[in-house]
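Below you'll find the structure, written out as structure tokens, and then a few comments.
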Amino acid sequence: MKTRLLSLSITSLLFVSAAQAADSSSPAKAITSNFIDEMAAKIEPTRRIVYKKVGERELHLNVFEPAGHKASDKRPCFLTIHGGGWTGMSPRRQYPFSAHFAERGMVGISIEYRLVQQDSGSTVFDCVKDGRSAMRYVRAHAAELGVNPQKIVVNGGSAGGHLAAGTALFDGVDEAGEDTSVSCLPNAMVLYFPVIDTSKEGYGNAKIGEHWQEISPLHRVKVGAPPTIIFHGTGDTVTPFKGAQAFHDAMLKAGNQCELVVNDGGKHGYLMFDRTLYEETLRKTEAFLASVFQ
């Protein structure tokens, strides 16, 4: 009964039908090692929008719209960013998350950003700038996208979680000439096993270089950060769990709302390899969003 009531509260918030809410609490399917990629391969966005041009390259938003969506709607938005150590993977990795929240009445968006590669000349700072640009684009074009500009959620896994946190915390790391009068501060953050500490004790220090502290979420916590939920495993040796715990503690000390969901023994990316944990994470994410946007 408790689970049913929670599903209905989320239904009310995110404009989803009762039938859809029932689907979200259905028994988990068999565990497979690549089910996320299998899901992602079968779904496509409603449309793709260019949000930024860097030289000759266009960067896109992959938009998943709920059924019957109109530009006049003011839906919450779930903006998600893929991981891959800033050097790999693609927006398709996050399609299942975008599609899931679109099915629950939100506008789901998976963003494309520049990757750090030997021949590209791009840096992790460029990745951060793209994440902040995407957030600004969505807010500035909320009326066209049918999005409520005050209900934009940013999400990401691993390095994508780092870029998601960067939209809120990395003030001043912006593309030259961009209109910074448009806020890139999200209204909520959902971070899955994020790169949260870029010191030598965390992840990415060598990739970032001597200015690592400028884009280390743990070292850039500030008063007024948006409500945040972090999912992290204690067995994560890629982005060590102690960084997530320290970030959570620093957020609370600064007076911010922050919840840490701990998976005992979970390795890096644990929820991406176990469908039961994946679906459990989605339900907890829905409950968190329901509490933030009630």
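The condition of being surrounded by fewer than 24 Cβ atoms within 10 Å (Cβ to Cβ) and out of contact with any Gly (no Cβ under 8 Å at 6 or more places or on another chain) holds for V182.
Pairs meeting the criteria (first residue in the range 202-222 and among the small types (G, A, S), second residue modelled with pLDDT of 95 or more and not in a loop (DSSP other than H, G, I, E, B), beta carbons under 6 Å, at least 6 apart or on different chains) are G202/G243. Within the range 187-201, the set of residues being touching a residue at least 12 places away in the same chain (Cβ under 8 Å) and part of a loop (DSSP other than H, G, I, E, B) comprises N187, F193, P194, V195, I196, D197, T198, S199, E201. Taken over the range 64-93, the criterion of being over 18 Å from V292 (Cβ atoms) and in contact with a helix residue (DSSP H, G or I) (Cβ under 7 Å, 6 or more places away or on another chain) is satisfied by F64, E65, P66, A71, I81, H82, G83, G84, G85, W86, R92, R93. Tell me, yes or no, whether the range 78-100 has at least one residue that is on the phi < 0 side of the Ramachandran plot and touching a Cys at 6+ places or on another chain (Cβ under 8 Å). Within the range 78-100, not a single residue is on the phi < 0 side of the Ramachandran plot and touching a Cys at 6+ places or on another chain (Cβ under 8 Å).
Scanning the range 138-160 for residues that are touching a helix residue (DSSP H, G or I) at 6+ places or on another chain (Cβ under 9 Å), in a helix (DSSP H, G or I) and surrounded by fewer than 22 Cβ atoms within 10 Å (Cβ to Cβ) returns no hits. Applying the condition of being farther than 17 Å from H100 by Cβ and in a helix (DSSP H, G or I) to the range 251-294 and asking which residue is farthest from the chain's Cα centre (by Cα) yields K253.
Of the residues contained in the range 225-244, one or more are found to be crowded, with 21+ Cβ neighbours inside 10 Å, among the β-branched types (V, I, T) and in contact with a Phe, Trp or Tyr (Cβ under 6 Å, 6 or more places away or on another chain). You will find that of L163, L115, the residue that is touching a residue at least 24 places away in the same chain (Cβ under 8 Å) and not in a helix (DSSP H, G or I) is L115 and no other. Could you grab me the full set of residues in the range 165-179 that are out of contact with any helix residue (DSSP H, G or I) (no Cβ under 7 Å at 6 or more places or on another chain) and under 27 Å from Y203 (Cβ atoms)? Answer for the range 165-179, where residues must be out of contact with any helix residue (DSSP H, G or I) (no Cβ under 7 Å at 6 or more places or on another chain) and under 27 Å from Y203 (Cβ atoms): A168, D171, G172.
For the range 88-99, the count of residues that are in a loop (DSSP other than H, G, I, E, B) and in contact with a Lys or Arg (Cβ under 8 Å, 6 or more places away or on another chain) is zero.
Could you list, in sequence order, the residues of the range 23-40 that are at pLDDT 90 or above and either loosely packed, with under 12 Cβ neighbours inside 10 Å or not in a helix (DSSP H, G or I) (or both)? Once the filter is applied, which keeps residues that are at pLDDT 90 or above and either loosely packed, with under 12 Cβ neighbours inside 10 Å or not in a helix (DSSP H, G or I) (or both), the range 23-40 yields only E38. S291 falls short on exactly one of the conditions (1) surrounded by fewer than 20 Cβ atoms within 10 Å (Cβ to Cβ); (2) more than 24 Å from K222 (Cα to Cα); (3) of a type in the set (G, A, S), and that condition is (2).
The values are calculated or read from the model by the stated rules, or taken from the named source; none is laboratory data. Computed from a predicted structure; not experimentally measured. Methodologically, a virtual Cβ is constructed for each residue, glycine included, from the backbone with ideal geometry; neighbour enumeration extends over all protein chains shown.
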